[in-house]
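What follows is one structure encoded as structure tokens, with my remarks underneath.
Rule-based calculations on the coordinates, nothing more; no lab input. Since the structure is predicted, the reported quantities are computational estimates derived from the model, not experimental observations. For neighbour counting, all protein chains shown are included, and Cβ atoms are generated from backbone atoms with ideal geometry for every residue, glycine included.
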Amino acid sequence: MDLHWLPPGSRHGQSIFLEGGEARHILRVRRKGPGDEILFTEGDGRLVTARIDRCDRDRLHAEILQVRDDPREVGAAPLTLALSLLKGDHFELALEKCVELGVWRVVPLVTEHCVVKWKPSSAAHKLDRWRRIAVSAMKQSGRSRLPEILAPRRLEELDEVVEEEARWVVADETERERSIRELELAHDLPRLALVGPEGGFSHSERAWLARRGAVAVSLSLYRLRSETAAVAMVAALASWSGTS
């Protein structure tokens, strides 16, 4: 069953009232109508099954039949991606794929080697676009958790948004001794994946991360673009089942 997004304010007790783009998609593209069951998520790791009881061209009303925890999300370790701002659509590509792979939170990073300059004047538009990309990727992948997309921050501000016990892991193409495959993590330990811009983190940033306790790892024998490194690291950390 296809998964649909239930935006905030759409649920009222045991009823759902949905209008706009998501309702049109269900009614016109999926060709659903009264009596059909629909699977929704509010992005909180739960699945909501509802039955349409009435609708028109772009609005529907449904009664909730069941709300249940998504077993794929129960017990999953929180995973945050801190990715440097990237030029073009590279950041958005990484965002889309990392949502599909299971990231819980995405923090754009402003770093010393950043080519992209964050403009406060366009911040609201950019964040709205990134959040729409996250919703689309969540639905496409069938996830029931909508990752949090935060406003850009600097490295020293990450402690404000990441769990205190999180393990910090840095993608570093100069690392030759420790592969991410050799990393030891408790299976339920929150983790923070850090990926710098093209050219990597600066010397001072690497020194700060080392003092913070971040572990530098190699992701490949080859040089990876930043968006590729982000996807590779999230895939590895999201599927981690080892113990420390």
>> Quick check: residue separation of Q14 and V110 times 0.36 nm, minus the Cα distance between them. What number comes out in nm?
In response: 30.2 nm
>> Bins of 5 Å, beginning at zero and ending with the bin holding the largest distance: percent of Cα pairs per bin for the stretch 119-244, please.
In response: 2, 9, 17, 21, 21, 17, 9, 3, 1
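Tell me, what is a quarter of the convex hull surface for the C-alpha atoms of the stretch 3-69, in nm² with one decimal?
Computed as one quarter of the Cα hull surface, the answer is 3.9 nm².
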>> Positive end of the dipole of the stretch 3-69, charges at C-beta (+1 Lys, Arg; -1 Asp, Glu), about the Cα centre: which of C55, I16, L65 has its Cα farthest in that direction?
In response: C55
>> Tell me the angle of helix 226-238 to the major Cα principal axis of the chain, expressed in degrees between 0 and 90 and rounded to the nearest ten.
In response: 70 degrees
> Taking only C-alpha pairs under 8 Å that are 6+ residues apart, what is the relative contact order of the stretch 108-244 in percent?
Replying inline: 31 percent
>> Looking at the chain only, what percent of DSSP beta bridges run antiparallel? Nearest 5 please.
In response: 45 percent
> Taking a 24 Å limit on the Cα-Cα distance, which of the listed pairs K32/K97; K97/K126; K87/K126 fall beyond it?
Replying inline: K32/K97
> For the stretch 40-174, what is the relative contact order in percent, using Cα pairs closer than 8 Å and at least 6 residues apart in sequence?
Replying inline: 26 percent
> Tally Lys/Arg at +1 and Asp/Glu at -1 over every other residue whose Cβ is under 10 Å from the Cβ of A76; what's the total?
Replying inline: -1
> Within a Cβ distance under 9 Å of L155, other residues only, what is the Lys/Arg minus Asp/Glu net charge?
Replying inline: 0
> Label points 7 Å out from Cα along the Cβ direction at L127 and R51: separation in nm?
Replying inline: 4.1 nm
>> I need the semi-axes of the equivalent ellipsoid of the chain: take the C-alpha gyration tensor, multiply each eigenvalue by 5, square-root it, list largest first in whole angstrom.
In response: 37, 20, 14
>> Helix-only mean residue ellipticity at 222 nm, the chain, DSSP H runs n ≥ 4 weighted -39,500 (n - 2.57), per residue, nearest 500. What is it?
In response: -7500 deg cm²/dmol
>> Under 8 Å for C-alpha pairs, at least 6 residues apart: give me the relative contact order for the chain, rounded to a whole percent.
In response: 21 percent
